[in-house]
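Single-structure report; data block below.
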Amino acid sequence: MDARFYAKTPLGQVSAYPSTYDPSLLVALPREEGRVSLGLSHELSFQGVDIWNAYEVSWLDATGKPVVAMVEIRIPADSPCMVESKSLKLYLCSMHQQSWANPEDWVKTVTDDLQHVVASPVEVRVMAQDSVIGQIGKLQGDSLDHLPVRHVATTPEPSLLTCQAGTWVEASWYSHLFKSNCPVTGQPDWASVLVHYRGACIDAEGLLAYLLSFRQHADFHEHCVESIYMDIWRQCQPEALSVYARYTRRGGIDINPFRSNFETAPANIRLFRQ
């Protein structure tokens, strides 16, 4: 995306925290430009969703008493735009001193505002305290993290993805070692990445080396996951593929993109670093 666009967003800039509700704080990021660089057309080879968890949400009830909540937001991968993360943080902050009659009214307000920005239906859900206590989960599959890596490339390297001809496997692999970087601030973005795959057997060491090659790469979470998906899709030509990344939070929000050609939206499984 053209760097001039970022000058219009809060990313990398000192921002005053708003004291009054202001939906104009939300900033849309068009998906198209990043997808053009991946050779994607409007007919996507995957479906999916971006699952956002906001942990520092508050507003006032009808009596002026504070309400606190955790909130799950689901934005479909085929939405024309995503929302810029710092703008969402500032938007949620703008609601701290605003009153709503009940949580349902608050959810409707946020849903309407986000749908306007991303130009697509979104789902917003307030998570009850009892539903998240003790719910730290784990990724299902085989860990790659014990495997040796001879060299960590400094840029994403699809050629590291190799398959064994004449073999067939359905498996899931995951790594907690993934790191990319914010394209504006350069801050590290840490994630656990899960690959669910059906096709010719991938060399596991090569898959780990490929994931680690993002370590100095600068891009948004969503685009990193779509890059991983498309590189595996093109290099290995699987029958079925899903890629799911669980990023650690920043500014009280974590973003968890999921892309697949055969699975529906995944469970919002909270990992140990989240």
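Structural remarks
- Condition check for Asp231: among the acidic types (Asp, Glu) and either touching a Cys at 6+ places or on another chain (Cβ under 9 Å) or not in a helix (DSSP H, G or I) (or both): no
- Out of Ser79, Ser87, one residue alone is among the polar types (S, T, N, Q), within 14 Å of Gly251 (Cβ to Cβ), crowded, with 16+ Cβ neighbours inside 10 Å and outside the structural domain of Asn256 (by TED's automatic domain parsing). It is Ser87.
- Answer residue from segment 191-207, given it is among the small types (Gly, Ala, Ser) and within 20 Å of Pro156 (Cβ to Cβ) and is surrounded by the fewest Cβ atoms within 10 Å (Cβ to Cβ) among those: Ala204
- Filter result for the condition that a residue is in contact with a helix residue (DSSP H, G or I) (Cβ under 6 Å, 6 or more places away or on another chain) and touching a residue at least 40 places away in the same chain (Cβ under 8 Å), over Ser242, Ser192, Ser227, Ser180: Ser180
A quick yes/no check of all residues on (1) under 29 Å from Asp22 (Cα atoms); (2) surrounded by 16 or more Cβ atoms within 10 Å (Cβ to Cβ); (3) modelled with pLDDT of 95 or more; (4) under 19 Å from the mean Cα position of the chain (by Cα):
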site	(1), (2), (3), (4)
Tyr91	yes, yes, yes, yes
His96	yes, yes, yes, no
Asp112	yes, no, yes, no
His146	no, no, yes, no
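- Residues (surrounded by 13 or more Cβ atoms within 10 Å (Cβ to Cβ) and modelled with pLDDT of 75 or more) located in segment 1-31: Pro18, Tyr21, Asp22, Pro23, Leu25, Leu26, Val27, Ala28, Leu29, Pro30, Arg31
The values are calculated or read from the model by the stated rules, or taken from the named source; none is laboratory data. Keep in mind it's a predicted model, so treat the numbers as computed, not measured. Methodologically, a virtual Cβ is constructed for each residue, glycine included, from the backbone with ideal geometry; neighbour enumeration extends over all protein chains shown.
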